[in-house]
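Only one structure is covered here, and it is reproduced in the block below.
The values are calculated or read from the model by the stated rules, or taken from the named source; none is laboratory data. Being a predicted model, the structure only gives us computed values, none of them experimental. Cβ placement follows ideal geometry from the backbone for every residue including glycine, while neighbour counts extend to all protein chains displayed.
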Amino acid sequence: MENGSGEKPEVEPGPIPETQQLCRFFSQGRRCNFGKKCKFLHIRNDVTAADTPSHLDAAPLNSQSAGEHGGLRPQLTHNPRLAPAAGRRPCRYFLSGHCTMEDRCRFWHPPQLPLIENPSVPVSQTRHTPRAPPVSRPCGLQEVKMCDMTEDMAKQLRDTEIRQLKKRFPKDNLIIQERSDGKVTYYRAAVEPTDPDWPFDLKEIDIMVSFPDNYPQEIFTLDIPLDQDLPPVMAKHVLQASLQWLQAKHATNQLMGKVELLFRPFLRWLDRSMERLFTEGARQLKKDIDVEKAGLQFIPYQELQATACESLDDTAADTVEDTSNANENTEGVGPAETGTLEQQQETLGCDEGQPLEEASHLVENIKISDPRRGTEMKLLGLRLGENTATVVAHQITVCLQCNRCKVTADLTLTGRTPCSAICEKCNANINAAFRPCMIHHYSDVVGYLDLHNAAPADLVLQDCELTIGCLSCSQEVPVQSVFYGQTKEFNCEHCHSKLSILAESTRFQYIQPRASSKTGSSGVDYKTIRDPAVQKGKPLPEKGTCKHYKQSHRWLRFPCCGRAYPCDVCHDENQDHPMELATRMICGFCAKEQPYGNGKPCICCGSMMTRGARTSHWEGGLGCRSKVKMNKNDRQKYSNCNKTVSRKAATQKK
């Protein structure tokens, strides 16, 4: 504690009572774990007049020590576990204006209150030390009550903030720019994170601030320049979060009835939150890149609203101009002939809902770089789990059918990478490209295929490489081996949330080009493009039959490879692995994929996909046709038995 002259007073060690023992830990300069609860005295015998009062003030004062020294005084350090050496040094942050550690700081915070004497102690045992005035912070004003704010005080606070800004940043990292009129001054500084484990390659971020004339009654303006290495999406995210924090802090100060300098607290908040802001901005940047790859484009609401307002203003200006022209033409005409405004609008051909309709059609007129074209692949019966957000197919295996020789073959495609192949039978050139889309709860489109000289027949879902996004932690998990009709359940690798996906079948649909698109400009002859080989509601090629089984109108999907073949022999001819019994089948009459059932009709069209069980009845020609094996109760058994045969027919038979 300093007196009024700035000199440190001398401290005389008080007499030690014989009945009270000294704490052997504290007397040796060590730390006592009991603190104020210690039953021994916390007094040192080696205290001399040259010692500073921080020796005694750094230690906790119990009742005995307070009685010996004759007064209660505030501790110079707030943490009782500190060594005396730490109490000697004052906190440089507290002296500069603010210490974020506050009561947890291990250095000396100079007290602002005078000593309070203990009336129970005799005056003879009390140190007659002059009371020191409250210590003022050397940095000047930092916050003022709103009721006490004046223009001079506001100007002083603003000058203090600018002076601290120039003192904090060196001249190399601070750029001062003035507007042409000289009213507004911009300060551009480079802020570096203090975290030693900073995970990003970008080591600094430039900010630009300007302090208005009524600062700090109004928050300062902040901007993140775009002429730096930070991506615009991340810079916009950091700027929005910073403005939200400044507005919330300013509103809190207004509710508390005070005015505070916000630049240095903002820098502390930015330093603590920079890693979080960069991480969130990087996630948003990755989402934008994925959306762009998927062929989508997000239009911000502010941009759309501004465009709509511009169109409304233009329409209103045209309406006003036409109305003014009509008024000029109707000068000298009575009110009865002029009519109301609605009648004028009807006369001029203006409709009230026309501007709104134009604004609503702005979304349709937006040019997308990757429009909806080609052959659309859609998962039917798609069911995503509660925590499953999105699904993206990075690599697919599709079964293509040659347009010339009708031979099918598998082809593996990756996103936006064209692939060329040659038919093994007719040597026709086949070109294919896959444009993936993002699957979510409101969209089941896997992507679009751009094919040449081939038509899609089947999607081998088991060999596709999918990436599923978790709704809980916003992380992506790679998934493989997804089967048709089976729910794929697994846990997220990051937050261990339960994810699931189920798909019944795949539908291919060729999208006809728009009437406005010209065939000559794109160089594609749409007449040569054939519809998909497998379409729901239409029969399969050759109604699902093959050369091995002519009465089987279905395709079987084998779980060993996930591919569909008409029979097991066709599977063995095209694959080199052991066959597993099929669990699903595709109807040859309507191409409906369904669980395997032997001797049962299709659940969609009701047709029998196989030859039924042989009976001893005629059944309209579908059953038994041998009259020898036919049931005697069937009327077809003895039909035409008594028919007379002509001699000519009998002679021809002989």
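Taking strands (runs of 3 or more DSSP E) as the structural unit, those lying wholly within the range 448-502 and holding at least 2 residues that are under 30 Å from PRO513 (Cα atoms) correspond to 454-459, 465-470.
Any residue at all in the range 597-618 that is over 22 Å from THR408 (Cα atoms), aromatic (Phe, Trp, Tyr) and at pLDDT below 90? Yes, the range 597-618 has at least one match. Residues of the range 566-589 that are more than 41 Å from the chain's Cα centre (by Cα), within 26 Å of LYS378 (Cβ to Cβ) and assigned to a loop (DSSP other than H, G, I, E, B): PRO566, GLY588, PHE589. Is one or more of the residues making up the range 456-469 small (Gly, Ala, Ser), touching a residue at least 40 places away in the same chain (Cβ under 8 Å) and closer than 29 Å to GLU424 by Cβ? The answer is yes, given that some residue of the range 456-469 is small (Gly, Ala, Ser), touching a residue at least 40 places away in the same chain (Cβ under 8 Å) and closer than 29 Å to GLU424 by Cβ. Screening ASP525 with (1) at pLDDT 90 or above; (2) over 24 Å from CYS437 (Cα atoms) gives one miss only, at (1).
For the range 398-439, residues that are surrounded by fewer than 13 Cβ atoms within 10 Å (Cβ to Cβ) and within 41 Å of the chain's Cα centre (by Cα) total 3.
Say we look at the range 253-274 and pick out the residues that are assigned to a helix (DSSP H, G or I), in contact (Cβ under 8 Å) with a residue 40 or more places away in the chain and of a type in the set (A, V, I, L, M); which of these is nearest to HIS98 (Cα to Cα)? In this case the residue turns out to be LEU267. Checking the stated criteria, LYS203 turns out to be within 37 Å of the chain's Cα centre (by Cα) and exposed (fewer than 13 other Cβ atoms within 10 Å of the Cβ). Residue selection: ARG563 fails the criterion of being closer than 18 Å to ARG372 by Cα, at pLDDT 85 or above and under 37 Å from the mean Cα position of the chain (by Cα).
Just checking, which of LEU243, LEU230 is out of contact with any Pro (no Cβ under 7 Å at 6 or more places or on another chain) and under 18 Å from LEU262 (Cβ atoms)? Break it down into steps so the answer makes sense when it comes.
Details: LEU230 fails: under 18 Å from LEU262 (Cβ atoms).
After ruling out the rest, the residue left standing is LEU243.
For every residue, the table says whether it meets (1) at pLDDT 90 or above; (2) surrounded by 20 or more Cβ atoms within 10 Å (Cβ to Cβ).
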{"site": "HIS441", "(1), (2)": "no, no"}
{"site": "CYS473", "(1), (2)": "no, no"}
{"site": "VAL479", "(1), (2)": "yes, no"}
{"site": "HIS494", "(1), (2)": "no, no"}
{"site": "LEU499", "(1), (2)": "yes, yes"}
{"site": "LEU502", "(1), (2)": "yes, no"}
{"site": "THR506", "(1), (2)": "yes, yes"}
{"site": "ARG514", "(1), (2)": "no, no"}
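A single entry from SER420, SER443 fulfils the requirement of being polar (S, T, N, Q) and out of contact with any strand residue (DSSP E or B) (no Cβ under 7 Å at 6 or more places or on another chain): SER443. If only residues of the range 80-122 that are of a type in the set (Lys, Arg) and within 25 Å of CYS38 (Cα to Cα) are counted, the one that is modelled with the lowest pLDDT is ARG81.
Inside the range 207-222, can you point out the residues that are of a type in the set (D, E, K, R) and buried (at least 20 other Cβ atoms within 10 Å of the Cβ)?
Matches in the range 207-222: none.
Filtering the range 376-393 to residues that are under 19 Å from SER505 (Cα atoms) and surrounded by fewer than 17 Cβ atoms within 10 Å (Cβ to Cβ) leaves LEU380, GLY381, ARG383. State whether the residues of the range 583-596 include one that is out of contact with any helix residue (DSSP H, G or I) (no Cβ under 9 Å at 6 or more places or on another chain) and of a type in the set (S, T, N, Q). Yes, there is a match, as at least one residue in the range 583-596 is out of contact with any helix residue (DSSP H, G or I) (no Cβ under 9 Å at 6 or more places or on another chain) and of a type in the set (S, T, N, Q).
Using the structure shown, decide if THR194 is assigned by TED's automatic domain parsing to the domain that holds TRP269 and in a loop (DSSP other than H, G, I, E, B).
yes
Within the range 564-614, if we keep just the residues that are among the polar types (S, T, N, Q) and in contact (Cβ under 8 Å) with a residue 12 or more places away in the chain, the residue that is surrounded by the fewest Cβ atoms within 10 Å (Cβ to Cβ) turns out to be ASN598. Pairs meeting the criteria (first residue in the range 482-499 and farther than 25 Å from VAL460 by Cα and assigned by TED's automatic domain parsing to the domain that holds SER472, second residue of a type outside the set (Gly, Ala, Ser) and assigned to a loop (DSSP other than H, G, I, E, B), beta carbons under 6 Å, at least 6 apart or on different chains) are HIS494/CYS473; HIS494/GLN475; CYS495/CYS473; SER497/ASN387.
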